[in-house]
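Below is one structure, written out as structure tokens; comments come after it.
The values are calculated or read from the model by the stated rules, or taken from the named source; none is laboratory data. All values reported here derive from a predicted model rather than from experimental measurement. Note that we place each Cβ from the backbone using ideal geometry, even for glycine, and neighbour counts take in every protein chain shown. Just the protein is used for accessible areas: all its heavy atoms, side chains included, with ligands, DNA and RNA removed. Shrake-Rupley method; radii C 1.70, N 1.55, O 1.52, S 1.80 Å.
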Amino acid sequence: MNFGRSIRINKCGFVILGLLFIGALYYLWNGGSSNAGYAFSKNPNEINLRKLLIGSIQAAQHGGFEVVAVSKSRDLHEQSKGKTQEGANNPVTDADYRSNCVMKNGLLRIFPKLRIISEEDDQQERCAEVHLFDLDPTVLHETATVPDERINIEDVAVWIDPLDATQEFTERLHEYVTTMVCVTVKGVPTIGIIHNPFTMKTTWAWRGRAVSETLMNVKHEADVKHPTIIVSRSHAGAVKEQAKQVFGENAQVITAGGAGFKVLQVIQNNATAYLHTTHIKKWDICAGDAILGAIGGKMSDLRNDNIEYVDSQPLNPNGLLATALASTHEAYMQRILESKLAGAHLAQN
């Protein structure tokens, strides 16, 4: 054996290995990893809306896990944030805070520059107990065709309602409870997610791009002669009377809790319109606004103006009308604008 020979390195093989290594790194940094978000894209000031849709669906679902977990405890640690304009109690519970922690911090871990507006503030002692999530594209149904679309991160804001219908949650009326995420682009509600944590049903839509399976086979027919109006149970008496004034004595008025739930009833043809006559927070309605817009419906305030989602203005003071068909919205809005309801409402604002 000749141990004196030198070892020759195959330069060609070495170069190939190096190129493969660099290629692997590039793949991981540009989408191979589920959490590669926009952070490793060519432009750090852009965000991938497809990945944000996936993350938003997961945020709503994982927030729902926290809501269900707290519901099983004997003590919800209910507190009051004061009274609503109608004089009803405005409660907050551990479920609100824990859901907010996982939804908000989960999205920020994946999209650190994301601007998020949430109903609740972070409670660090509660946030330490929750588990965050990684992006999982399987939350999109198999038939969904969802494009990769990158836009300027500064044009995007996310509105979060970590627990809609908290009052009903404290009363164990879980059918009304939802968690919601809404993505706005330049103030326009573009992606909406409404998730019921107790039925595990998630309804989502990306305006002009894709919708969830729950929306694919739903059909709506214009029927303005037989209005069924869904209103808030927290001030049902006043709104029932107003709805009768506007839509006639033959109008059916049903009550329910939670803005998200009421929008879903309109989508599912259980009501022809959702009417709210007082102010309402925009994180309550943004997701529903986006979904209705995606399926050909409409939500507006009672002046028939589109609701603008501006960070500095979380309150919508002018009520709302929401329908699953734009034509129904137009017909109903005409009645509202001609009624005493519109006159009284505009005088108050």
Matching option when the condition is among the small types (Gly, Ala, Ser) and more than 22 Å from residue 48 (Cα to Cα), among 222, 205, 210, 157: 222
Evaluate region 263-270: report whether one residue or more is outside any helix (DSSP H, G or I) and without any contact (Cβ under 8 Å) to a residue 40 or more places away in the chain. no
Filter region 289-301 for residues that are touching a residue at least 60 places away in the same chain (Cβ under 8 Å), in a loop (DSSP other than H, G, I, E, B) and under 24 Å from residue 253 (Cβ atoms); the one that is most open to solvent (accessible area, probe 1.4 Å) is 295
Does region 186-203 contain any residue that is open to solvent by 20 Å² or more (accessible area, probe 1.4 Å), closer than 23 Å to residue 116 by Cβ and among the aliphatic types (A, V, I, L, M)? yes
Residue pairs qualifying under the 7 Å Cβ cut-off, at least six apart or on distinct chains, with the first in region 190-206 being farther than 14 Å from residue 140 by Cα and the second being in a loop (DSSP other than H, G, I, E, B) and of a type in the set (A, V, I, L, M, F, W, C), are 196/177; 197/177; 198/177
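Within region 261-279, how many residues are within 18 Å of residue 161 (Cβ to Cβ) and open to solvent by less than 10 Å² (accessible area, probe 1.4 Å)? Lay out the reasoning, then the answer.
Quick first cut of region 261-279, residues within 18 Å of residue 161 (Cβ to Cβ) only: 261-267, 274, 276, 278-279.
Pick out the ones that are also open to solvent by less than 10 Å² (accessible area, probe 1.4 Å) and you get 262-263, 266-267, 274.
The total comes to 5.
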Might you check whether a residue that is modelled with pLDDT of 95 or more, under 24 Å from residue 191 (Cβ atoms), not polar (S, T, N, Q) and not in a helix (DSSP H, G or I) occurs anywhere in region 281-288? yes
For region 302-315, state whether one or more residues are crowded, with 23+ Cβ neighbours inside 10 Å, of a type in the set (Phe, Trp, Tyr) and more than 30 Å from residue 172 (Cβ to Cβ). yes
So how many residues does region 117-132 have that are buried (at least 17 other Cβ atoms within 10 Å of the Cβ) and at pLDDT 80 or above? 6
Any residue in region 129-140 that is under 20 Å from residue 100 (Cα atoms) and touching a residue at least 40 places away in the same chain (Cβ under 8 Å) sitting within a Cβ distance under 8 Å of a residue that is open to solvent by less than 20 Å² (accessible area, probe 1.4 Å) and assigned to a loop (DSSP other than H, G, I, E, B)? List the pairs, counting only those 6 or more apart or interchain. 135/37
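Every residue, every condition in (1) surrounded by 17 or more Cβ atoms within 10 Å (Cβ to Cβ); (2) touching a Leu at 6+ places or on another chain (Cβ under 6 Å), yes or no:
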| residue | (1), (2) |
| --- | --- |
| 225 | no, no |
| 229 | yes, yes |
| 232 | yes, no |
| 246 | yes, yes |
| 252 | no, no |
| 256 | yes, no |
| 259 | yes, no |
Taking region 39-94 as the region of interest, how many residues are in contact with a Gly (Cβ under 9 Å, 6 or more places away or on another chain), under 28 Å from residue 277 (Cβ atoms) and at pLDDT 85 or above? 0
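If you check residue 335 against the conditions, is it open to solvent by 60 Å² or more (accessible area, probe 1.4 Å) and not in a loop (DSSP other than H, G, I, E, B)? It would help to see each step written out before you state the result.
On the way: open to solvent by 60 Å² or more (accessible area, probe 1.4 Å): yes; not in a loop (DSSP other than H, G, I, E, B): yes.
Judged against the criteria, residue 335 is a match.
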Out of curiosity, is residue 135 under 16 Å from residue 48 (Cα atoms), modelled with pLDDT of 95 or more and in a loop (DSSP other than H, G, I, E, B)? yes
